[in-house]
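S.K.: Take this structure first; my questions come after.
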Amino acid sequence: MIWLDTLAQGILLGGLYALFAAGLSLVFGIMRLVNLAHGDLIVLGAYVILVMVSVTGLNPFLAATLALPVMFGFGMLLQTHLFNRVLGEDILPPLLVTFGLSVVLQNVLLETFSADSQKLSMGPVEAVGVPLGPVTLGLVPLATLGCAVAVIAALNLLFYRTKLGRAFRATSDDATTVQLMGIYPARIFSVATGIALMVATLAALYLGARANFDPTIGPARLLYAFEAVIIGGLGSLWGTLAGGLVIGVAQATGAAIRPEWQILAGHAAFVAVLLFRPRGLFPRAND
C-alpha cells in the first residue's frame, strides 16, 4: 500500500514537472532556442497571478485566465524585440541573452515583491481528497496532472492538425525556404513564445497552489524542465510528459526510502535514462 501511494504521488508530481517542461519543449522544437530564463518566466507567471488575485479578489484559477493573455503578450514582445535579434547559427548569443534575462527577472521580482515566500491560496479545494481504489489523492495534484495531459494533447493537436502548426513545423525545418511561401519566421517564433509563456503560466498556477514560491526558485524549476525534456527526447511533447513522470516517480521513491534522497533520486534517474537512451525515450526521427 505504501509503495502504491508512493507511485501515485510520484505520477502526480510528474504532471507538474511536465507542465514546467512543455513550453520549453515547444520553443526548442520550433526554433532550437534553449531558454535559460524559462524557470524565471514560470515564477513571473506566478507573481502575475498573485497580483491579479490581489487586485480583483478572484480565485487563482479565475485570476489565471486574466494572466494568460498578459503573459502571451509579454512572450511575443520578448521574442520580437529580444530573442529574434540573437537567433542564428551560433547558439552562444541566445544562451547569453536568456541567461541575462534570468538574472534581470530575478532581481526585478526581488525588488518588487521582496524575498518573502508567497503562495496562491485555493481555499477549501486544497483539502479535498479523491478516493481512487486503495489510495486517496488530492484534488489539486490530480488537476495538475490532468492539466498537463490536456496541455500536451492540445499542443500536439495545434502542432499537427492546424494551419499554424504546419507553419511551426515548416519554419522549424527550413526557416529560409518558408519565406518564399509567405511565412515570416520572426512572427511564427513570436507566436510560439507567446504560447509557451501561456503554458508557463498554467505551470505557475499549479506551482503556486502546491508550494511556496519566491523570486529565486526559477533555476531549480528550469533544471526539472530540462531533465524532463531531455529524458523524453528533444522536441517530443508526449516524451516531455513521460520525462516529467519519470522524474516525479523517482523523486517520490527516493523520498520514501530516505527523505533527503528525494532530489538526488530524480537526478539519478535522469543520468540512468541517458546511459541507456542518450537521445531520450522518444526522440524525434532525424531526416
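S.K.: Quick one: helix 2-31 against the long Cα principal axis of the chain, what's the angle to the nearest 10°, folded into 0 to 90?
M.R.: 10
S.K.: If I histogram all Cα-Cα distances within the stretch 229-275 using bins 10 Å wide from 0, what percent of pairs lands in each bin?
M.R.: With a bin width of 10 Å, the distribution comes to 33, 48, 18, 2.
S.K.: Using only the Cα atoms of the stretch 1-64, what are the Rg and Dmax in Å?
M.R.: Rg, Dmax (Cα atoms, Å): 15.9, 45.
S.K.: Counting only Cα, what are the radius of gyration and maximum Cα-Cα distance Dmax of the stretch 193-237, in Å?
M.R.: 11.6, 30
S.K.: Another one. Rounded to whole Å and sorted largest first, what semi-axes of the equivalent ellipsoid does the C-alpha gyration tensor of the stretch 103-166 yield via the square root of 5 times each eigenvalue? The partial results should precede the final answer.
M.R.: On the way: eigenvalues 175, 156, 13 Å².
Semi-axes, largest first: 30, 28, 8 Å.
S.K.: OK, next. Hey, if you put +1 on the Cβ of every Lys and Arg and -1 on every Asp and Glu Cβ in the stretch 186-287, which of 267, 243, 282 ends up farthest toward the positive end of that dipole?
M.R.: Positive-most Cα among the choices belongs to 282.
S.K.: Name the residue from 213, 82, 152 whose Cα lies farthest towards the positive end of the charge dipole of the chain, charges +1 on Cβ of Lys and Arg and -1 on Cβ of Asp and Glu.
M.R.: 152
S.K.: Checking the a/c ratio against 1.5 first, then a/b against b/c, what shape does the Cα gyration tensor give for the stretch 68-180?
M.R.: Cα axes put the stretch 68-180 in the oblate bin.
S.K.: Using alpha-carbon positions, what is the distance between the centroids of the stretch 11-89 and the stretch 160-176, in Å?
M.R.: One Cα centre to the other: 21 Å.
S.K.: Taking Cα atoms, how many degrees apart are the long axis of helix 218-232 and the longest axis of the chain, rounded to 10 and kept between 0 and 90?
M.R.: The angle comes out at about 80 degrees.
S.K.: In whole percent, how big is the carbon plus sulfur part of the accessible area of the chain, probe 1.4 Å, protein atoms only? Show your work: numbers first, answer last.
M.R.: On the way: 9060 of 13370 Å².
C and S fraction of accessible area: 68 percent.
S.K.: Could I ask something else about it? Given 37 °C and 0.692 mPa s, how large is the Stokes-Einstein diffusion coefficient of the stretch 1-142 in µm²/s, with Rh as the Kirkwood radius over Cα pairs?
M.R.: Details: Rh = 17.6 Å.
Rounded to a whole number, D works out at 187 µm²/s.
S.K.: Let me ask something else about it. Cα-based Rg of the stretch 40-106 per 2.2 N^0.38 Å, rounded to two decimals?
M.R.: Details: Rg = 14.6 Å, N = 67, 2.2 N^0.38 = 10.9 Å.
Computed over Cα atoms of the stretch 40-106, the ratio equals 1.34.
S.K.: Per residue, how much accessible area does the stretch 145-244 show when a 1.4 Å probe rolls over the protein heavy atoms, in square angstrom?
M.R.: 39
S.K.: Give me the distance in nm between label points sitting 7 Å out from Cα along the Cα-to-Cβ direction at residue 80 and residue 139, one decimal.
M.R.: Rounded to a tenth, the inter-label distance reads 4.0 nm.
S.K.: Still on this structure, please answer the following. Where in the stretch 221-262 does the label zone of residue 4 land, with the point 7 angstrom along Cα→C-beta and an amide N cut-off under 18 Å?
M.R.: Hits in the stretch 221-262 for residue 4 at 18 Å: 253.
S.K.: Please compute the Kirkwood hydrodynamic radius of the stretch 142-272 from all pairs of different C-alpha atoms, in Å with one decimal.
M.R.: Evaluated on the stretch 142-272, it is 16.6 Å.
S.K.: Can you tell me how much longer the chain between residue 164 and residue 56 gets when fully stretched, taken as 0.36 nm per residue apart minus their C-alpha distance, in nm with one decimal?
M.R.: Net length gain for the segment: 35.5 nm.
S.K.: On a 0 to 90 degree scale, rounded to 10, what angle separates helix 262-276 from the longest Cα axis of the chain?
M.R.: Helix 262-276 sits roughly 50 degrees off the main axis of the chain.
The values are calculated or read from the model by the stated rules, or taken from the named source; none is laboratory data. Just so it is clear, the structure is predicted and the values come from calculations on it, not from any experiment. Ideal geometry is used to build each Cβ from the backbone, glycine not excepted, and the neighbour counts take in all protein chains shown. Please note that ligands, DNA and RNA were not included when accessible areas were found on the heavy atoms of the full protein model with its side chains. Shrake-Rupley method; radii C 1.70, N 1.55, O 1.52, S 1.80 Å.
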